[in-house]
Structures are given as C-alpha cells and as structure tokens.
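The values are calculated or read from the model by the stated rules, or taken from the named source; none is laboratory data. Small disclaimer: the values here were computed from a predicted structure and weren't measured. Glycine gets a Cβ as well: all are built from the backbone with ideal geometry, and neighbour counts include every protein chain shown. Heavy atoms of the whole protein, side chains included, go into the accessibility calculation; ligands, DNA and RNA do not. Shrake-Rupley method; radii C 1.70, N 1.55, O 1.52, S 1.80 Å.
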Amino acid sequence: MPLSIDVRNVTRTYDDLQAVADVSFSLPAGRTLGLIGPNGAGKTTLLRMICTLVQPDCGDVLVEGFSVRNQPREVRRRLGFMPAEFGSPRGVSIAEYLEYFACLSGLSAAERTIRVRDVCELTELRGRESVVVNGLSTGNRQRLLLAKTLLHDPAVLVLDEPASGLDPRARNELRSIIRTLASLGKSVLISSHILPDIEDISDQIAIMEAGRLVLHGDLSNLQQAHIGQRRIARIKVAETDQERARELLLTLPFVVGCNLVDRGLTVVYEAEDSSPLLTVLLQHRIRVSYFSENDVDLEQIFMNTTAGKVT
Ligand SMILES: Nc1ncnc2c1ncn2[C@@H]1O[C@H](COP(=O)(O)OP(=O)(O)OP(=O)(O)O)[C@@H](O)[C@H]1O
Ligand SMILES: [Mg+2]
C-alpha cells in the first residue's frame, strides 16, 4: 500500500530540549491516524515538521514520496494543515476569507468559485458565507479553518487538535466531517486530547511522550495486545447484597480492586476471562441485575503506555 506520510527518524531540539526525539512511523494512503500524548509531548512540533513549517534537525519526512527537506513545495501542494491556533482578520466574511486563501493557492476565478462552494458544503458552512469571521462561534471557526485547509483539495490532511473547545454536538459534527473526508479517500493525521473521539475515527494510533514515540499501530491490534493487562467490569447487584458481593469478588486472586461506584460495583481485574466474576456471585446466590465487561479502550492503552513524563 502506498504511504501518505513516512516519518523517518526525525529529531527537533529547542536549546537543550529534545521536543521530538528520533521518531519514525508511517501512514498508508486512505487511513486515519490519531496522535495522542500529554501536553508538551512534541505532537505539534512533529506535525509542523510534517507540514514543512519546522525543519527537522535530523531525519526526513516523505509526504506522498516527496521530502519535506528537499521538496517542500511539492509537499505543500499535497497536504492541508489545520493548526491549533487561529488568527482571525477583522471585518472579513467567510466567503472573502476563503476566496483570499483560494487565490493564494493559485486557483483560477472559476475554480475558486467551485472550490469555495464545495468546501463550505463539506464543512456545513453553506448559507453562512456572509457571516463575519471574527465573530464566529468556536464550532464555526473550526469549520472555517478546516474549510480553508481543504481549499486546494489536498490528499493528506494534518489536523492539530481540531476538536479543542468544541461542545459535544459540534464535536460530533466534526467527527462526521472527518469520516466523510476519509470516505473520500483522504489520509488524515489528527492530534487530540479527546481519546473517545480519536478512538471513534482512527484506524491507527500513535502515542508520544516526552518527544518519543512510545506506541504505534492499528487500534484493533493494540486493543488485542493490551488484553491480559488490567481490565474493568461493571456489576450491579441487589442493594442488600452489595457488601457481600464486594467481599466475594475480592477473594478472587486476579481481582485487583472492587469499589462501589454509581450504585454498582466497579471491579478491576487481571485476566482475559471475566466469567469467574459472575460465577462466584451466582454460586453464592447474589442477585445480579447487570454485568458488563468493558472493552479495552484507548484511555486504558494510554494509561498503560505512558508514565506521566513531561518535558
Ligand atoms: N518554538 C519553540 N521554542 C522553544 N520550545 C518549543 C517551541 N515549540 C515547542 N517547544 C517545546 O517543545 C516541547 C513540545 O511542544 P509541543 O507544542 O510540540 O507539544 P504538544 O505535544 O503539542 O503539547 P500540547 O498537547 O500542549 O499541544 C514543549 O516542551 C515546548 O515547550
Ligand atoms: Mg500541541
């Protein structure tokens, strides 16, 4: 499968701080990769190197086969970058703003009209083209930034925390826009601190900590690999049985903890099979009304992988 992004041993140092330290990974064409990591992990620095905005000290990145070091113009033609920060000009409408950047991309007048309409359609900004940019809500501002990123129809999208500050509905809409872009065949590299969103839209995950890549792979493989480490089950029993149930569960050697949370028991255990939890309760005639074994989620993978190091 051709690679959209091929990061090869890139390092970037600021004074004596290694913001990104010897990071390598690749993203096949048409896939979505979620990049996560604590504050200061080096995510933005890495994304900016991929987008030719920061020069690596060592290593290189190929975007659709073009080097950020030697062919930055070719890279920029193929890649759209949505930064985390947005400086909004005053008194300019959405249409004028997009027209301006479409002009900078070198599109002809006829192409500009079509592209501005298309990106507004994709980002659900149609009908709002005359609204002034500096008064936009966070949701519409993020839509506009994404629309601008899409103007030159790049095959590769790099989005730095696009969901930051969005309310749940706006986050939902953004997820759906990103899924649409992926279904159009775009490759997407997206950073975020909102793990359920990343889990929802990504095929692959990369985790950075203190400048290093600590994990990279297909989400489903990572979930498999983390089974066997700590897992969580939620169990509801009759109120009068709660304390006895807790004591019984704690007698099992693979149960690490058991606490009453939200009128149910949250059991932390280290085993692949959760059925002995239920068996012991039923054998002692505990009245169980609910039992759920949680899948390994991205938050668990993140917690198992990172050590809380900061730069
Ligand atoms: N231009 C710069 N000059 C000096 N230090 C920098 C610069 N840019 C980033 N850094 C430092 O590099 C480290 C990585 O920063 P970066 O912004 O890449 O992290 P991040 O993972 O994006 O964090 P966040 O989750 O907070 O956005 C931090 O310690 C930061 O202070
Ligand atoms: Mg950042």
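List the aspartates and glutamates whose Cα lies under 15 Å from the Cα of K43, skipping any in the same chain that are fewer than 8 positions away.
Leaving aside aspartates and glutamates fewer than 8 places away in the same chain, those within reach of K43 are D22, E85, D160, E161, E209.
Could you grab the relative contact order for region 103-260? Cα pairs under 8 Å, six or more apart, rounded to a whole percent.
14
Please build a GNM for the chain, connecting alpha carbons under 10 Å apart, and tell me which residue among V280, V75, V133 fluctuates the most.
The residue that fluctuates most here is V280.
Might you tell me the accessible area per residue for the chain, computed with a 1.4 Å probe and given in Å²?
Working: 15200 Å² over 311 residues.
With all protein chains present, the chain gives 49 Å² per residue.
Relative contact order, percent, of region 64-146 when contacts are C-alpha pairs under 8 Å separated by at least 6 residues?
On the way: 58 pairs, mean separation 28.7, N = 83.
Contact order relative to length: 35 percent.
To the nearest 10 degrees, how steep is helix 168-183 against the longest Cα principal axis of the chain, on a 0 to 90 scale?
So the inclination is approximately 70 degrees.
Could you work out how far helix 109-122 tilts from the main Cα principal axis of the chain, as a 0 to 90 degree angle to the nearest 10?
Roughly 10 degrees between the two axes.
Computed FRET efficiency, Cβ-Cβ of L184 and V214, R0 30 Å: what is it to the nearest 0.05?
Values: r = 31 Å, r/R0 = 1.05.
E between L184 and V214, to the nearest 0.05, is 0.45.
Please check: in the Gaussian network model of the chain (C-alpha springs, under 10 Å), which one of C120, C258, C51 has the largest mean-square fluctuation.
Result: C258 has the largest fluctuation of those listed.
Can you give me the angle between helix 94-104 and the longest principal axis of the chain, using Cα atoms only, in degrees from 0 to 90, rounded to the nearest 10?
Computed tilt is about 60 degrees.
For the chain, which longest stretch is free of loop sites, where a loop site is one of the chymotrypsin sites (Phe, Trp or Tyr not before Pro) that DSSP puts outside H, G, I, E and B and that has at most 14 other Cβ atoms within 10 Å? Before the final figure, lay out each step's value.
Values: sites that count: F86, F254.
Between exposed loop sites, the widest span is 87-253.
Normalised by the number of residues in the chain, what is the relative contact order in percent for Cα pairs under 8 Å and 6+ residues apart? Don't skip to the end; give the middle numbers.
Details: 582 pairs, mean separation 62.4, N = 311.
Relative contact order comes out at 20 percent.
Could you name the aspartates and glutamates in cross-link range of K236, using Cα to Cα under 19 Å and dropping any fewer than eight places away on the same chain?
Within the straight-line limit of under 19 Å, K236 reaches these aspartates and glutamates: E247, D262, D273, E293, D295.
Which order do peptides 179-190, 153-164 fall in by mean Cβ count within 10 Å, highest first? Present the calculation step by step, with values, prior to reporting the outcome.
On the way: 179-190: 18.2, 153-164: 21.2.
The peptides rank, most packed first, as 153-164, 179-190.
Share of antiparallel DSSP beta bridges in the chain, in percent to the nearest 5?
The antiparallel fraction comes to roughly 70 percent.
Express the carbon and sulfur contribution to the solvent-accessible surface of the chain as a percent, rounded to the nearest whole number, probe 1.4 angstrom. Don't skip to the end; give the middle numbers.
Numbers: 7130 of 15200 Å².
About 47 percent, which is the carbon plus sulfur part of the accessible surface.
If the cut-off is a Cα-Cα distance under 15 Å, which aspartates and glutamates reach K186, setting aside same-chain residues fewer than 8 apart in sequence?
Reachable aspartates and glutamates: E64, D153, D203.
Loop sites only, by DSSP: take the GluC sites (Glu not before Pro) in the chain that have at most 11 other C-beta atoms within 10 Å and name the longest stretch containing none of them. Please report the intermediate quantities before stating the final value.
Values: sites that count: E85, E272.
For GluC sites (Glu not before Pro) (loop position, at most 11 other Cβ atoms within 10 Å), the longest site-free span of the chain is 86-271.
Quick one: 3J(HN,Hα) in Hz for region 208-218, Karplus 6.51/-1.76/1.60 with θ = phi - 60°, rounded, Gly and Pro as x.
For region 208-218, the Karplus curve yields 10, 8, 6, x, 9, 7, 9, 7, 8, x, 5 Hz.
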